[in-house]
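Worksheet for the structure shown next.
Please treat every number below as a calculation from the coordinates, not as lab data. Fair warning: this is a prediction, and the values are worked out from it, not measured in the lab.
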Amino acid sequence: MNDPPIDSPPIVLIHGLWMTPRSWDHWVERYRAKGHEVIAPAYPGFEIEVEALREKPEIIAEATVPATLEHLIDVVEGIRRPGSATTWTTVPRCCSSAGARTT
């Protein structure tokens, strides 16, 4: 395993609509093998397996953009380290006003 630079920020992989964090499994393994901390959070309610989501499509139907954004913001802000700051460098165009903040 290769060690990432000491000041290397974690890699956060966010899945798209109608997907789950499982879509990132290959990349999570790849980056972790290189020594990076990798976080692939699920949307609220999407923490269950794909097969379970198929059995409960209302979870997807009831998902909202504001609730999903707030959850993902909490995830990213929750990985702060002492002396570090959260900086949003890439934000989807549709979410730019909600997500483009620096603390």
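Laid out as a table, the results:
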{"read-out": "Under the Karplus curve 6.51 cos²θ - 1.76 cosθ + 1.60, θ = phi - 60°, whole-Hz ³J(HN,Hα) for the stretch 10-26, x wherever Gly or Pro sits", "value": "x, 9, 10, 10, 10, 6, x, 4, 6, 10, 9, x, 4, 5, 9, 3, 4"}
{"read-out": "Val12 long-range amide H proximity, modeled H, under 5 Å", "value": "Ile39"}
